[in-house]
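Read the structure below first, then the notes.
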Amino acid sequence: MSIFQNIFQTIHAHALPTACIVCGAFQDQQICVECIKLLANEQLSNYECCRQCASMLNHFELTDHRCCECAKNPPYFDETYCLDRYEGRLQKCLHQLKYQGRLFYASGLALAWNTLASANQNMDLRGYLLPVPLSQTKLCLRGFNQSWEIARKIDCGKFLQKNPHILMRHHHAHNQATETKANRQRMIKDAFFINPLYQKTLEGQTIVVFDDVMTSGATLNEIARILKDNGVSRVINWVLLRTLYPSVRSEA
Ligand SMILES: [Zn+2]
Ligand SMILES: [Zn+2]
């Protein structure tokens, strides 16, 4: 870097500083170097997790790299990668995006993903990357789909096409967050459908589904079921945050 670039960057960082979305320190990135280090040390992917559903494994499950629940009742999706736990440092940032409408946080969360998760991903995947959709009603109320706002900024290699129009969702008046797991599973059944314009394009494809939060996995399982019913051969979930105690958190 030349001395002029150095001077320019220093002036830029002081004249137009950016607050780190995690700790609030002013500097020139959306997440500061210290917070990236902390996130790297704590991230869920440092632990042995089930390849299929990303729940943390017990010692007797380590040899199969798969949890007992997935062995007993295999979900429709094939793999799941989660960056961090819901209870970790990124939860507040996600809430700022989702409930306060601060879209700037989507860039910071995508930066966290690109810095910490991309190294663990296969960048040669071919197919489509689809965000978990909101219904049209909810999209109008919130004004944006948080999963898409993050997904559109993440690195996914050259061969995955990002598309927010393929997977659609019916509107459901109830709030999933207040329901029991069994009720959530009933409510989510048939909640999704494929945009008829894209039905034929899914045959034999690999699909990456991007979600901001995974709780019980009921939503992602139903999406994978619909995708496979439409000819998709492999479904991989990429998830920002995963709850460790599925029954008490929201996926909405
Ligand atoms: Zn920070
Ligand atoms: Zn599992």
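The values are calculated or read from the model by the stated rules, or taken from the named source; none is laboratory data. If you're wondering where the values come from, they're calculated on a predicted model, not measured in any experiment. All Cβ positions, even for glycine, are placed from backbone atoms using ideal geometry, and neighbour counts span all protein chains on display.
Only one of the numbered conditions (1) assigned to a loop (DSSP other than H, G, I, E, B); (2) under 16 Å from the mean Cα position of the chain (by Cα) is violated by G204, and that is (2). Does the stretch 92-134 hold any residues that are surrounded by fewer than 17 Cβ atoms within 10 Å (Cβ to Cβ) and either touching a strand residue (DSSP E or B) at 6+ places or on another chain (Cβ under 7 Å) or in a loop (DSSP other than H, G, I, E, B) (or both), and which are they? Those that are surrounded by fewer than 17 Cβ atoms within 10 Å (Cβ to Cβ) and either touching a strand residue (DSSP E or B) at 6+ places or on another chain (Cβ under 7 Å) or in a loop (DSSP other than H, G, I, E, B) (or both): G101, R102, L103, N120, N122, M123, D124, R126. The set of residues in the stretch 106-144 that are more than 19 Å from P164 (Cα to Cα), of a type outside the set (A, V, I, L, M, F, W, C) and over 14 Å from the mean Cα position of the chain (by Cα) comprises T115, N120, N122, D124.
Taking N183 as the residue in question, decide whether it is outside any loop (DSSP other than H, G, I, E, B), surrounded by fewer than 21 Cβ atoms within 10 Å (Cβ to Cβ) and modelled with pLDDT of 95 or more. Give the derivation first.
Details: outside any loop (DSSP other than H, G, I, E, B): yes; surrounded by fewer than 21 Cβ atoms within 10 Å (Cβ to Cβ): yes; modelled with pLDDT of 95 or more: no.
Considered against the rule, which asks whether it is outside any loop (DSSP other than H, G, I, E, B), surrounded by fewer than 21 Cβ atoms within 10 Å (Cβ to Cβ) and modelled with pLDDT of 95 or more, N183 comes out as no.
Give me the residue from the stretch 186-223 that is within 15 Å of S135 (Cβ to Cβ) and aromatic (F, W, Y) and, out of that set, surrounded by the fewest Cβ atoms within 10 Å (Cβ to Cβ). So the residue we want is F193.
Here the stretch 32-49 is the region considered, the condition is being part of a loop (DSSP other than H, G, I, E, B) and farther than 10 Å from L116 by Cβ, and the residue that is farthest from ligand 2 (Cβ to nearest atom) is C32. Pairs meeting the criteria (first residue in the stretch 120-131 and in contact (Cβ under 8 Å) with a residue 60 or more places away in the chain, second residue among the small types (G, A, S) and part of a loop (DSSP other than H, G, I, E, B), beta carbons under 8 Å, at least 6 apart or on different chains) are Q121/G157; L125/G157.
Have a look at D64, D28, D84 and point out the one that is within 24 Å of Q121 (Cα to Cα) and more than 16 Å from ligand 2 (Cβ to nearest atom). Talk me through it step by step, then tell me what you get.
Working: D64 fails: more than 16 Å from ligand 2 (Cβ to nearest atom); D28 fails: within 24 Å of Q121 (Cα to Cα).
Just one listed residue meets the conditions, D84.
Scan the stretch 86-106 and tell me whether some residue there is touching a Cys at 6+ places or on another chain (Cβ under 7 Å), in contact (Cβ under 8 Å) with a residue 24 or more places away in the chain, under 23 Å from D229 (Cβ atoms) and not hydrophobic (A, V, I, L, M, F, W, C). No: zero hits. Within the stretch 36-52, one or more residues are away from ligand 1 (no atom under 16 Å from the Cβ), on the phi < 0 side of the Ramachandran plot and without any contact (Cβ under 8 Å) to a residue 12 or more places away in the chain.
Which of the residues belonging to the stretch 142-165 are part of a loop (DSSP other than H, G, I, E, B) and polar (S, T, N, Q)? Matches in the stretch 142-165: N145, N163.
Scanning the stretch 139-153 for residues that are modelled with pLDDT under 95 and surrounded by 15 or more Cβ atoms within 10 Å (Cβ to Cβ) turns up just one, L139.
Restricting attention to the stretch 69-128, the residues being among the hydroxyl-bearing types (S, T, Y) and within 16 Å of ligand 1 (Cβ to nearest atom) number 3.
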